[in-house]
1. Within the range 177-205, how many residues turn out to be without any contact (Cβ under 8 Å) to a residue 24 or more places away in the chain and among the polar types (S, T, N, Q)?
2. Got at least one residue in the range 221-235 being under 14 Å from Ile180 (Cβ atoms), in the same structural domain as Ser83 (by TED's automatic domain parsing) and in contact with a strand residue (DSSP E or B) (Cβ under 7 Å, 6 or more places away or on another chain)?
3. In the range 2-26, what residues are among the β-branched types (Val, Ile, Thr) and either free of Cβ contacts under 8 Å to residues at least 12 places away in the same chain or within 14 Å of Thr65 (Cβ to Cβ) (or both)?
4. Sort out which residues of the range 36-51 are of a type outside the set (Gly, Ala, Ser) and either buried (at least 21 other Cβ atoms within 10 Å of the Cβ) or outside any helix (DSSP H, G or I) (or both), and write them in order of number.
5. Of these, Lys174, Lys145, which one is touching a residue at least 12 places away in the same chain (Cβ under 8 Å) and of a type in the set (Lys, Arg)?
6. If we keep just the residues of the range 52-82 that are basic (Lys, Arg) and at pLDDT below 95, which is nearest to Leu133 (Cα to Cα)?
7. Out of the residues in the range 206-227 that are part of a helix (DSSP H, G or I) and free of Cβ contacts under 8 Å to residues at least 24 places away in the same chain, state the one that is nearest to Asn116 (Cα to Cα).
8. What residue, of Phe71, Phe54, Phe33, is assigned to a loop (DSSP other than H, G, I, E, B) and surrounded by 21 or more Cβ atoms within 10 Å (Cβ to Cβ)?
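The values are calculated or read from the model by the stated rules, or taken from the named source; none is laboratory data. These numbers were taken from a predicted model, which means no experiment stands behind them. Note that we place each Cβ from the backbone using ideal geometry, even for glycine, and neighbour counts take in every protein chain shown.
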Amino acid sequence: MEDNVLHLDIWPGEWDLPSVDPNCLAALAYCRFSGVPVKIRKSCNPWNSPNGTFPVMTYKNVTETKVGNIFTYLRKQNWGIDSSLSRKECADVVAFSAMIDEVIQPAVLHLLWIDNDHYSNITGPWFTRHAVLPYKFVVSGRAHKEAKRKVFESQGTDNVTAADVETKIYKDAKDCLSNISQKLGDKNYFFGDQPCSLDALVFSYVAPLLKAPLNSNQLTNHLRIHCENLCFHTRRILREFFPLTAEEMAEKQKEEERKKAADSESKEGKIRNRDMLIAGAFALTAMTLYAFSSGLVNVKIFDAVDVEDNLLDA
């Protein structure tokens, strides 16, 4: 390992994101913001990870796995603009970061890992599809279980239903996003022209809400309607620090073409089925009319009184 190069292992990306995992996004973003020489390794095999998942930051003889610890280590090395912030700005970073961890994180975890539709159709299948054996069969289930633990423990369990928890965490998260949006205002980044760890943390949770193929949901809708500056903030970071490579652009174009072809085939199939039903109905109608007109089918109409008399005579 190169002595002066920081190594960061993360989950791979999709949906135009460098990683699908918020924690990995936060660590990766701050490394990019800091200008630290970093070697990124996108991996689906957390076998050597101390906690069985990513991110994992390694530098010389130091290993960190928690986002907060990674940020702290980079600050101590004077990497990034956090070390040059004023006391007031540092206090704001600490306060808002704690609020994000306590309020935004549970709501995003619920949306991605507890919401049955998203867990069954998006996050769960993605990790099952990409993780290597034997993690392929356990990583999504473990993440689902850990998300439930974090979400419900943070809200307490006394006389609280799952519906109560869901209502509360989404309401609190929307209020928190509005507060963060107000803090950002019309600035490019929270403390000037250069992003800091708070920018990285906000980006890590907002980006999946905007880019992942989620169904209509409270958080994404709130962002797009009431926190437009946070959407611009995320797009700015993606554009300036994570532009797609030529290979990624080519793969994206291929994927769009595959999706377009699949949609076209599906549409053609529906039209074909509709035409077949119409043709079948027309043919059946024509055959029925022909049968009646040619005398192949005779319909006798009996008077109700005659029928009754016949029955009595019998």
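1. 1
2. Of the range 221-235, the ones under 14 Å from Ile180 (Cβ atoms) are 222-223, 226-234.
Applying the additional criterion that residues be in the same structural domain as Ser83 (by TED's automatic domain parsing) yields 222-223, 226-234.
Remaining after also requiring in contact with a strand residue (DSSP E or B) (Cβ under 7 Å, 6 or more places away or on another chain): none.
Scanning the range 221-235, I find no residue that is under 14 Å from Ile180 (Cβ atoms), in the same structural domain as Ser83 (by TED's automatic domain parsing) and in contact with a strand residue (DSSP E or B) (Cβ under 7 Å, 6 or more places away or on another chain), so the answer is no.
3. Of everything in the range 2-26, just one residue is among the β-branched types (Val, Ile, Thr) and either free of Cβ contacts under 8 Å to residues at least 12 places away in the same chain or within 14 Å of Thr65 (Cβ to Cβ) (or both), namely Ile10.
4. First, the residues of the range 36-51 that are of a type outside the set (Gly, Ala, Ser): 36-42, 44-48, 50-51.
Correct list: Val36, Pro37, Val38, Lys39, Ile40, Arg41, Lys42, Cys44, Asn45, Pro50, Asn51.
5. Numbers: Lys145 fails: touching a residue at least 12 places away in the same chain (Cβ under 8 Å).
Checking each option against the conditions leaves just Lys174.
6. Pass one, the range 52-82, residues basic (Lys, Arg): 60, 66, 75-76.
Filter again for at pLDDT below 95, leaving 60, 75-76.
On the way: Lys60: 29, Arg75: 36, Lys76: 37 Å.
Filtering first and then ranking leaves Lys60.
7. From the range 206-227, those part of a helix (DSSP H, G or I) are 206-211, 218-226; that's our starting set.
Adding the requirement that they be free of Cβ contacts under 8 Å to residues at least 24 places away in the same chain leaves 220-221, 224-225.
Details: Thr220: 17, Asn221: 19, Arg224: 23, Ile225: 25 Å.
Across the range 206-227, the extreme among qualifying residues is Thr220.
8. Working: Phe71 fails: assigned to a loop (DSSP other than H, G, I, E, B); Phe33 fails: assigned to a loop (DSSP other than H, G, I, E, B).
Answer to the check: Phe54.
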